1. Any residue at all in segment 154-167 that is in the same structural domain as S250 (by TED's automatic domain parsing), at negative phi and among the small types (G, A, S)?
2. Taking the conditions exactly as written (within 21 Å of V45 (Cα to Cα), out of contact with any strand residue (DSSP E or B) (no Cβ under 6 Å at 6 or more places or on another chain) and among the aliphatic types (A, V, I, L, M)), does A186 satisfy them or not?
3. Could you tell me which of the residues A112, A186, A90, A103 is aliphatic (A, V, I, L, M) and within 24 Å of F257 (Cβ to Cβ)?
4. So, in segment 235-260, how many residues would count as being modelled with pLDDT of 90 or more, under 26 Å from H290 (Cβ atoms) and either surrounded by 19 or more Cβ atoms within 10 Å (Cβ to Cβ) or among the acidic types (D, E) (or both)?
5. Output the strands (runs of 3 or more DSSP E) that fall wholly within segment 58-150 and possess 2 or more residues being in contact (Cβ under 8 Å) with a residue 60 or more places away in the chain and basic (K, R), or say none.
6. Exactly one of these conditions fails for R225: (1) loosely packed, with under 15 Cβ neighbours inside 10 Å; (2) of a type in the set (D, E, K, R); (3) modelled with pLDDT under 85. Give me its number.
7. Hey, can you tell me all the residues within segment 272-296 that are at pLDDT below 90 and surrounded by 19 or more Cβ atoms within 10 Å (Cβ to Cβ)?
8. Here are some residues: D173, D167. Which one is part of a helix (DSSP H, G or I) and either more than 23 Å from G77 (Cα to Cα) or at pLDDT 85 or above (or both)?
Amino acid sequence: MDEIDWLVHEAEGRQALRVSERTVIRDSQWDAEIERIEIGPGMRVFLTEVTARSDIAVQPRDTETVPWISSNVAVSGLVEIEMPDGLQVAAGPDQAILFRPSARNPRYHVKAPQRLRLAGYALRVDRVRQIFDGVLPQALAPLLEPDVTASRIIPMQATRQLRSLADSLFSPDLNGPLRHLFIEGAVLQLLARQMAGRIGQRRALGRQEREALAAAHSLLLLDMRQPPSLGELAAAVGLSEKRLNAAFRSEYGGTVFEVLRNHRLEHARIALEAGAAPIKQIAFRVGYNHVTNFINAFTARYGMPPGRYAVTAPDRRGRPQRRITTEN
């Protein structure tokens, strides 16, 4: 197996770490275990577990000359992915992705503090065609074109079933050929589920619908403490509840409720970093009447409870982001 050359950039210089199947990093800024598994020709799996105490940027460098498509499913935590041409997307509690970058590999941004558990896989384009035996899902076709000049992304809802499949890849119960056989089957199931749940299959929005959607988005986020119900929001902009939810998924990566929740949690994260108020007050201000519900939602999105996030926040203020480059 080819080795992965990790180049760790720190204030004092550059440190090279030689890695093959698994790398383990423990230092003051992050703990990480990253495993790369080759499953026969044309299939790779990357299993990443990170506890980030400082913001991290990771960029794999791929020397492959043949095209691959990739996927990321976050079992817990959130990772922001920046494509070579500037296109950005996130893999987190609500959304998983299939993608093909325009050129070199994308950059992965992990914000601290959080615990990230990320399952990723890569499939060579000819292997994908072989899997589907020539009968390709229509939505997958743009990722398999011979020449891709702009990054292509297929988002889909990260259902509980999808995250459970991704989580099963981390299972330590099997070893050797049995583990490889299990992982190959799990990756094929992930691909099938992702195609079944893709967001891109929904009908495109017309001009009037886009205007209605923008109005609905503004109304929804106008008052996080007392937002309109789905029915009220749909009636206000003249769309059905079903169509409004579908449009939100297509344009904003989640249902009306999911977009509202993510907005609330992002505001809460900023307030926690600023030390603006106690957790109970922050929960109330962003629209949670029960602090337990807030804690559960925050932990699911950021990989740690808000109390721990608030305690570690002062260590991050003023600290520059740490950039890490990987090469495989």
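The values are calculated or read from the model by the stated rules, or taken from the named source; none is laboratory data. Remember, it's a predicted structure, so these values are computed and weren't measured experimentally. Here the Cβ is made from the backbone with ideal geometry for all residues, glycine too, and neighbour counts use every protein chain on show.
1. As a first pass, look at segment 154-167 and keep what is in the same structural domain as S250 (by TED's automatic domain parsing): none.
No, segment 154-167 contains no residue that is in the same structural domain as S250 (by TED's automatic domain parsing), at negative phi and among the small types (G, A, S).
2. Values: within 21 Å of V45 (Cα to Cα): yes; out of contact with any strand residue (DSSP E or B) (no Cβ under 6 Å at 6 or more places or on another chain): yes; among the aliphatic types (A, V, I, L, M): yes.
Answer is yes for this residue.
3. A90
4. 3
5. Working: elements: 68-76, 79-82, 88-91, 95-100, 107-110, 114-124.
The qualifying strands (runs of 3 or more DSSP E) are 114-124.
6. Answer for R225: the failing condition is (3).
7. Within segment 272-296, L272 is the sole residue that qualifies.
8. Values: D173 fails: part of a helix (DSSP H, G or I).
Selected residue: D167, the only one of D173, D167 that is part of a helix (DSSP H, G or I) and either more than 23 Å from G77 (Cα to Cα) or at pLDDT 85 or above (or both).
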